[in-house]
Structure formats: C-alpha cells, structure tokens
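Heads up, the thing below is written out as structure tokens.
What follows is calculated from the coordinates using simple rules that are stated; it is not laboratory data. Quantities reported herein were computed from a predicted structural model and do not represent experimental measurements.
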Amino acid sequence: MSAKKATCKSVGGDPWPYVGPIARADGEGPYNMFLLPLPGDSWWANYELGTRIDPRWHFDVVALADGRFSTVGQVTAIERGTDSHGRQVVFPDRIAAVRAACARMIRQARDSRDWGPMSGKLEGALLAMVINWARDVVARESGRPRPRSAKVAEPAPTTA
C-alpha cells in the first residue's frame, strides 16, 4: 500500500495531511482526509436522466490500494470500516460496494419524499425514474440484466 507523506500546512498544501496505509488503487493518497473515486466509479442520475434531476442523486465507490472497495471517501470511516451510523463502508469486492452504495442512495431518495420544498426531493415519476436508473446501473455493473418486469411502479396519487 502506498502512503502519502505529510509535508507542511502551507498555502495550497493539504490542510489535514495523512500518513498511513489508506490510499486509492492508483496509489493516490487522501487530500484533506478524503479519497475521491477513480474515473468510472461514480454514477450521477442527472448525467443520464437529464438536468431536471438534482445532482445530489448519485453514488460512487472508491477502489482502495489493498484491493478492497469503499462506499465513502472519508479516511476515518475507511479505517473503522463503518460510517458514523455504524453501517459497513468497506467491502471485499467492487460489486458488493456498488450494490451497497446504490441501496443507500435509493433509501435516501425514498426518504426525500418527506423533505420540504426547494430541497431536491423526489416524488412520483421522478422518484421512480431515479430508482429504476440506479437499479439499471447495478445490473450493468454486475453483469446481471435486470428483468423489465421489475420496474418500480409510480405510486398512485392519494386523495385527501
């Protein structure tokens, strides 16, 4: 594993230099205690579905130098193996990490129905579109086509 050497906290330098075993698969160390995903390891709904989808609806994985994959870039969470809520963030293979990251984004998208106005929440057809897109991404990445009958139906309107 590669480790980035701490230099000084100078202007333009890393404000939180890290010296340790956590690094990306290409050997790049964290900057500001955070690892960015490699190109091709991020999926953004608004890139594929259009700009009417808020950019917060995305997920990614970080390929680590030791061959594992993380659903977060925060070094302290990678070292612990869990996020601040105790959920697993480090996985032995890429597909498991992609599935976990996707599932978390879908859960948050569903929960967003309760958010206030101007918050990027998803409802109705847009929610179904983002969920279907995310499931299609996992199917593409895992090499297992998703049956068309498994589409998420748009929820029926409720009457008050």
Using 0.36 nm per residue of separation minus the Cα-Cα distance, give me the extension gain between Ser42 and Asp66 in nm, one decimal.
-> 6.7 nm
Which residues qualify? For Val72, with a placed amide H closer than 5 Å and at least 5 residues away or on another chain, they are Val62
Calculated from backbone phi, Karplus (6.51, -1.76, 1.60) coupling profile of segment 39-50 in Hz, x at Gly/Pro | x, x, 10, 10, 10, 10, 4, 5, 6, 9, 9, x
Over every pair of different alpha-carbon atoms in segment 42-140, take the mean of 1/r and invert it; report that Kirkwood radius in Å.
-> 14.1
How large is Rg/Rh for segment 81-131, to two decimals, with Cα atoms and a Kirkwood Rh?
-> 1.08
How far is the Cα center of segment 53-71 from the Cα center of segment 129-143, in Å?
-> 15
